[in-house]
Amino acid sequence: MALSGIQIYKLLPQTNCKECGFPTCLAFAMKLAAKQVELAACPYVTETSKVQLAESAAPPIRLVTLKAGNFEVKAGNEVVLFRHDKTFYNRPGIFIRIYDDQSLADIQVKVSTADAYAVNYVGMDLTLDGFAIASRAGNPQSFATAVNAVRQSSHKPIILMSRNVDIMTAGLSALNNETPLIYGADATNWEAFTGLANQYKAPLGVLAPDLDTLADLTEKIKSKGVDDMVLDPGGRELGSGLALGTQIRRLAVKKNFRALGYPVISFPGDAGDVGLEAIRAAQALAKYAGYIVLDTFSPDLVYPLLVLRQNIYTDPQKPIQVQPGIYEINAPQPTDPVLVTTNFSITYFSVANEVEGSGLPAWLLVTDAEGMSVLTAWAAGKFDAERIAKAVKSFNIADKVSRKRIVLPGHVAVLSGELESELPDWEIRVGPREAVDLPSFMKQVL
Ligand code: SF4
């Protein structure tokens, strides 16, 4: 039973020391009751109170981890409905499904291609997370053979899919020292599958035709000692998938309904149509899947999904940043110009990619603007002449160039006069407003 804010307050030190970031213990207690902070933020809670507060401190959606070697895919631990309320923590794992009646050659080609696929997006390598192996042949040997074939081509985590206990046992036996998802337990097989989850210490995928049955099933499974579960509420249509995913998230986060407080698995690949698969997968990323199983592997489908996922699961209060410093583009010489920008990743990569693509050499000075874009940082007072001059000096750019030319982004042309005062021995130029116009500016003006 979840504790109220007042009940939690009585278990806190009540010293109002503010170290948790809140002015009083009561304010912290209220946030803890609302699942908007973690108990660990207060360093002074006694061990006895920690035990009593464990239920309230536990996230409303249980953290479930699939593991294989050095790879881990975590889902759950979310505490809000909307990312602007706080942030989403664990990016949904995106898996590619193969079937055990496919030829081994087909399985290995699909798995090895998908395993190697990576997208470099604003300096980060985005990749797929693992593979789902589904039984369709209907016999344990085929399933175990398919598992072995996947393991020969990838070391990433695995979801095993069968509702037959003998087939699932064969799949589990083919794996060594890892934590796959055992999918799936239903109203007919849950006792046998619960035994497997306990034996292999692996999370259990649970499926049911409606939320009431699903909640009953998770309670029964939990009473047999399985804590880690992943929910499949059905909902293979766009509307029903959205409704069920939202209901589960709301019940878990707003009502603290523990029977549905687990990550959800989604199967957009069941659509049987690549266009619909893409739309369903995008919807599942936004609301509110923890694991997503695709049938199609193609860069056209996967690239936008990986980028969308990255954007949704970036903390809105912490913009993606690059390290401030001086970056060399196309092997610049001492006579080449110094371009200035901020350390917001998208701004940096827009500028760097345009200049790099043009083949023109330049020094790119990235200033610390707390991860904001040029105009936002200027408006917030984080990108001004003083900061730019400080960066020029702290990164010793004068030692790298013989011709002291610095190019301001066109959006902050207003800074040119002040920058001349800050850097009197530098030639200050105002560049274009948009990164795309930099190459022609560099060719024609510099
Ligand atoms: S850190 Fe702990 S003791 Fe200090 S104000 Fe916060 S809740 Fe109270």
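Where a number appears in this text, it was derived from the coordinates with a stated rule and is not lab data. As the structure is a prediction and not an experimental result, all values here were calculated from the model. As a convention, Cβ positions derive from the backbone with ideal geometry for all residues, glycine included, and neighbour counts pool all protein chains shown.
Numbers for the structure displayed
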{"read-out": "Acute angle (nearest 10 degrees) that the helix 211-223 long axis makes with the longest principal axis of the chain, alpha-carbon atoms", "value": "80"}
{"read-out": "Unit Cα scatterers, Debye sum, segment 16-82: log10 I(q)/I(0) for q = 0.19 Å⁻¹", "value": "-0.81"}
{"read-out": "All-pairs alpha carbon distance profile, segment 173-271, 10 Å steps from 0, percent", "value": "16, 48, 30, 7, 0"}
{"read-out": "All Cα pairs of segment 351-417, percent lying beyond 14 Å", "value": "64"}
{"read-out": "Radius 13 Å from Cβ of A369, net charge of other residues (Lys, Arg +1; Asp, Glu -1)", "value": "-1"}
{"read-out": "With Cα atoms, 0 to 90° folded angle of helix 274-286 axis to the chain main axis", "value": "80"}
{"read-out": "Per-bin percent of Cα-Cα distances, the chain [10 Å]", "value": "4, 18, 22, 19, 17, 13, 6, 1, 0"}
{"read-out": "Proximal lysines to K224, defined as alpha-carbon separation beneath 21 angstrom and excluding residues fewer than eight positions away on the same chain", "value": "K201"}
{"read-out": "Radius of gyration and Dmax over the Cα atoms of segment 331-446, both given in Å", "value": "12.8, 34"}
{"read-out": "For F143, F267, F88, F441, order by how many other beta-carbon atoms lie within 10 Å, fewest first", "value": "F441, F88, F267, F143"}
{"read-out": "Subset of K31/K156; K74/K254; K156/K254 violating a 28 Å alpha-carbon distance limit", "value": "K31/K156; K156/K254"}
{"read-out": "Value of relative contact order over the chain, rounded to a whole percent, pairs C-alpha under 8 Å and six or more apart", "value": "11"}
{"read-out": "Rg ratio (alpha-carbon, reference 2.2 N^0.38 Å) - segment 296-351", "value": "1.58"}
{"read-out": "Sorted largest first, extent of segment 263-393 alpha carbons per principal axis (Å)", "value": "58, 33, 19"}
{"read-out": "Ranked V165, V351, criterion: other C-beta atoms within 10 Å, fewest first", "value": "V165, V351"}
{"read-out": "For segment 295-302, Karplus couplings with θ = phi - 60° (6.51, -1.76, 1.60), whole Hz, Gly/Pro x", "value": "8, 9, 10, 8, x, 4, 7, 7"}
{"read-out": "Relative exposure of L211, L308, judged by other C-beta atoms within 10 Å (fewest first)", "value": "L308, L211"}
{"read-out": "Pair-distance profile P(r), taking every C-alpha pair of segment 60-194, with 10 angstrom steps and integer %", "value": "12, 37, 33, 15, 3"}
